[in-house]
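Here is the structure we will look at.
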């Protein structure tokens, strides 16, 4: 397990590529479970537990559907397991890194603005996450970093829109 976390961490630092992960269904399942659990932990900072579970399921489903569709349309289905494992694993690490920041920030309200340093850290983490996703997607598509970044940005915006539409009125 430690080797897997180290591999995900190296991918987060752009030192390894997703194709260096084994194309294993077991690894894919483990990565997706970690991603789902971390997503629940992160979501419980803003939503009741039942809603956090639903939000995590939607988030996980969107990740799977997006990657599967993207690689299917590009006729690169052999890369689905490794790409999903890399995205879910690095997403898990990013979520764990974001969790202390979310605990400090707390559920935001208009009356309680977030301090500039915390907001800067949050934006830096978001940008780093986009770079990691771009790195993984560019390798999955055998394309440029710019294409990978564009696809990552598209996914992030789509994901935020769906989550906001489905869950905005249910936040704590």
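The distance linking segment 117-172 with segment 1-34 is 19 Å (Cα centroid to Cα centroid, whole angstrom).
Please report Rg over Rh for segment 64-166, where both radii come from the alpha carbon positions and Rh follows the Kirkwood definition.
My calculation puts Rg/Rh at 1.03.
Mean separation of Cα pairs under 8 Å and 6 or more residues apart, divided by the residue count, gives the chain a relative contact order of 30 percent. Highest GNM mean-square fluctuation among 79, 25, 16, for the chain modelled with Cα contacts below 10 Å: 25. Multiplying the residue separation of residue 144 and residue 78 by 0.36 nm and subtracting their alpha-carbon distance yields 21.8 nm.
Every number in this text was worked out from the coordinates using simple rules, so none of it is lab data. These numbers come from a predicted model, not from an experiment.
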